[in-house]
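Let me begin by presenting the structure, written as structure tokens, before commenting on it.
The values are calculated or read from the model by the stated rules, or taken from the named source; none is laboratory data. Keep in mind it's a predicted model, so treat the numbers as computed, not measured. Glycine gets a Cβ as well: all are built from the backbone with ideal geometry, and neighbour counts include every protein chain shown. For the accessible areas, the whole protein counts, side chains as well, though only heavy atoms, and no ligand, DNA or RNA atoms are used. Shrake-Rupley method; radii C 1.70, N 1.55, O 1.52, S 1.80 Å.
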Amino acid sequence: MKNDIAKLKNIIDNSDNIVFFGGAGVSTESGISDFRSVDGLYNQKYIFPPEEILSHSFFTSNPEEYYRFHHEKLQIGDAKPNAAHLKLAELESKGKVKAIITQNIDGLHQAAGSKNVIELHGSLLRAYCSRCGKQHPNELINTGTGVPRCTCGGVVRPDIVFYEEALDQDVISSAVHYIRNADVLIIGGTSLVVYPAAALINYYRGNKLVLINRDRTNQDDYADLVIRDKIGEVFSQI
């Protein structure tokens, strides 16, 4: 492990064009549950499976049950950035990290101080009316109980990408731009099974691909460095 950390530090020290691509594992060390691990949200039991609850059609037809799930399981609460978020923000401030591309919706990269964060799946820290589009403070959806409504009577929704919804094309284009032009691509805390997000890494053209994840991924054989550990613990040693 020490040799791998030394290799990673050397890669970072010798590059000023790093892009980070991260998933749920980046935030689990901050106390936020992931979705697909043994104790993740997708392996807990509800009246409806989480995949269904987090779909556009379910939100539209059953907002009461959606918000029951939202208030119980999607709250960020007092979660704070961990060593991975903080180190990435530090590296960005030094001009080394050019972009952070995240599948997470918790806003912890921004809380750590990162500026150029590309949120593939949106954010729980933004909300808008599903009828008229009016923007609302995130507290309306993240506190209290019941279904939050706009003054027009529409249901207020989180600004996240539900299942059955397409990723924003401008967001995708920005992510592709940074990945395609990166000298170093560091992938961390993701199983790389969520598409189309996971397919974006195929645009990388460099030869310094780093994978940091507790479990094996389908890209391990193509990486120049693989570290199987918690990303916060790895970044705390850099």
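Note on Leu225/Ser173: beta-carbon distance plugged into 1/(1 + (r/R0)^6) with R0 of 41 Å gives a FRET efficiency of 0.90.
The alpha carbons of region 80-198 give a radius of gyration and a Dmax of 16.0, 49 Å, in that order. Computed from Cα atoms, the angle from the helix 169-181 axis to the main principal axis of the chain rounds to 10 degrees. Surface composition of the chain: carbon plus sulfur atoms hold 48% of the accessible area, using a 1.4 angstrom probe and ignoring ligands, DNA and RNA.
Ellipsoid fit via the Cα gyration tensor, the chain: semi-axes of 33, 18, 16 Å, each the root of five times an eigenvalue, largest first. Relative to the first principal axis of the alpha-carbon coordinates of the chain, what is the inclination of helix 63-73, with its axis defined by its Cα atoms, in degrees from 0 to 90 and to the nearest 10? Approximately 40 degrees, to the nearest ten. So which aspartates and glutamates can Lys7 reach, going by Cα to Cα under 12 Å and dropping same-chain residues fewer than 8 places off? Counting by Cα, and skipping residues close in sequence, Lys7 has these aspartates and glutamates nearby: Asp224.
Per residue, how much accessible surface does the chain expose to a 1.4 Å probe? Answer in Å², no decimals.
Details: 11460 Å² over 238 residues.
Accessible area per residue, the chain: 48 Å².
This model, with +1 at the C-beta of Lys and Arg and -1 at the C-beta of Asp and Glu, gives the chain a dipole about its Cα centre of some 380 debye.
Could you work out the helix-only [θ] at 222 nm for the chain, with each DSSP H run of four or more residues adding -39,500 (n - 2.57) and the total divided by the number of residues, to the nearest 500 deg cm²/dmol? Taken over the chain, the calculation gives -8000 deg cm²/dmol. Compactness of region 133-238, taken as the C-alpha radius of gyration over 2.2 N^0.38 Å, stands at 1.44.
Angle of helix 83-93 to the longest C-alpha principal axis of the chain, folded into 0 to 90 degrees and rounded to 10: 70°.
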